[in-house]
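See below for the structure under consideration.
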Amino acid sequence: LALRLPGGFILMPQAQYGYTENKLFSVKARLEKHVLKNGYLNLSYEQNFSNNLKLAEAGFRYDFSFAQAGATVRQYNDKTSFIEYARGSLIRDRKTKYLGTDNRPNVGRGGISVIPFLDLNANGKKDPGEPKAQGLNLHSNGGRIVKNDRDTTIRIFGLEPYTNCFIDLDPNSFDNISWRLTKETYSVAVDPDILKNIEIPIIIAGEATGYVFLESEGEKKGQGRIVVSFFDSSLKPAGKNITEDDGYFSYFGLNSGKYTVRIKKIGRAHV
């Protein structure tokens with residue numbers, strides 16, 4: 001349990017109980033307080049009934065951006081020890097030319113580099129000259145998400161290896177409404193001690209508008225409830241819409257390219 005107390009203190013009581021043995025093995029209480037900017041003071045006491053061990057601890061830890069450092073005084077039974085420690089990680093990814101630090105150990109852990117880019121030719125691959133896209137937001141089922149606004153890359157650190165990381169992309173992230181995601185969910189296998197690169201294609205969607213009308217004796221009359229279907233250059237369906245009462249139609253979400261438009265009146269044959 002973790003209980004928040006007045007004054008910014010956090011109390012964490014803990015007990016270990018063996019159901020099969022019907023026996024209480026140990027009890028522990030830890031008191032922690034946040035001080036300075038990234039510092040933590042902590043006091044703890046533990047009693048282990050199995051080996052009759054009593055352990056008391058007092059320590060201080062400070063979290064830098066690149067490492068954690070701290071010192072602890074430990075009293076167990078009639079012995080006293082003083083412990084100093086520092087831990088952190090140096091992370092390098094040659095493919096993306098990334099070199100960074102982390103204040104948590106990452107040895108044996110995995111990571112993912114998410115690289116959003118504008119897919120100008122809509123082929124799903126990052127080709128030379130296609131720029132990176134800024135503004136993407138995402139959520140993952142694990143790890144720590146770190147954004148780099150300078151190169152738009154989003155990295156996920158501290159992932160459990162040999163598992164799958166599920167990444168959900170926010171389709172409403174971008175300021176430009178014409179930018180659209182081709183996929184919103186990714187499942188990525190996590191490998192230890194590797195930053196796996198995942199390129200996210202973002203297409204620039206176009207809009208087609210127009211009117212469907214009948215012209216008789218020089219007079220045009222808009223036709224409502226007409227199905228307007230769009231087909232790509234391979235004549236595969238790319239979308240459809242229905243005209244308004246005045247014959248107006250609008251469809252947003254077409255990739256760059258040439259399209260064929262066909263109309264069909266609801267309940268009747270092609271016209």
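The values are calculated or read from the model by the stated rules, or taken from the named source; none is laboratory data. Here the structure is a predicted model, which is why all the values come from computation and not from measurement. Here Cβ is always computed from backbone atoms with ideal geometry, including for glycine, and neighbour counts include all displayed protein chains. Side chains are part of the model used for accessible areas, which takes the heavy atoms of the whole protein and leaves out ligands, DNA and RNA. Shrake-Rupley method; radii C 1.70, N 1.55, O 1.52, S 1.80 Å.
Provide the gained length on full extension for the span S178 to Y19, in nm with one decimal, where the gain is 0.36 nm per separating residue minus the Cα-Cα distance.
Full extension from S178 to Y19 adds 51.3 nm.
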Inset, instruction - Please identify, among G218, G88, G129, the residue showing maximal mean-square fluctuation in a Gaussian network model of the chain using a 10 angstrom Cα cutoff. - result: G218
Inset, instruction - Anything over 25 Å Cα to Cα? Flag those among K37/K79; K220/K240; K220/K264; K125/K196; K23/K79; K33/K147, in the order listed. - result: K37/K79; K23/K79; K33/K147
Legend entry - Per principal axis, descending, Cα span of the stretch 93-197 in whole Å: 40, 26, 23
Inset, instruction - Could you work out how far apart the two model spin labels at I198 and K125 are, taking each label as a point 7 Å from the Cα in the direction of the beta carbon, and quote it in nm? - result: 2.1 nm
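Using a 1.4 Å probe on the protein chains only, how many percent of the accessible area of the chain belongs to carbon and sulfur?
51 percent
Contact order normalised by length for the stretch 151-271, with contacts defined as Cα pairs under 8 Å and 6 or more residues apart; what percent is it?
21 percent
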Inset, instruction - Would you mind classifying the chain by shape? Square roots of the alpha carbon gyration tensor eigenvalues, ordered a ≥ b ≥ c; an a/c under 1.5 is rounded, otherwise it is prolate if a/b is larger than b/c and oblate if not. - result: prolate
Inset, instruction - Whenever you get a sec, line up I194, I263 from highest to lowest accessible area (probe 1.4 Å, protein heavy atoms). - result: I194, I263
Inset, instruction - Using only Cα atoms, locate the centre of the stretch 171-191 and the centre of the stretch 55-119, then give the distance between them in Å, rounded to an integer. - result: 30 Å
Legend entry - Highest-first arrangement of 196-205, 117-126, 51-60, 16-25, where packing means the average Cβ count within 10 Å: 196-205, 117-126, 51-60, 16-25
Legend entry - Average accessible area per residue (Å²) across the stretch 49-132 - probe 1.4 Å, nucleic acids and ligands excluded: 64 Å²
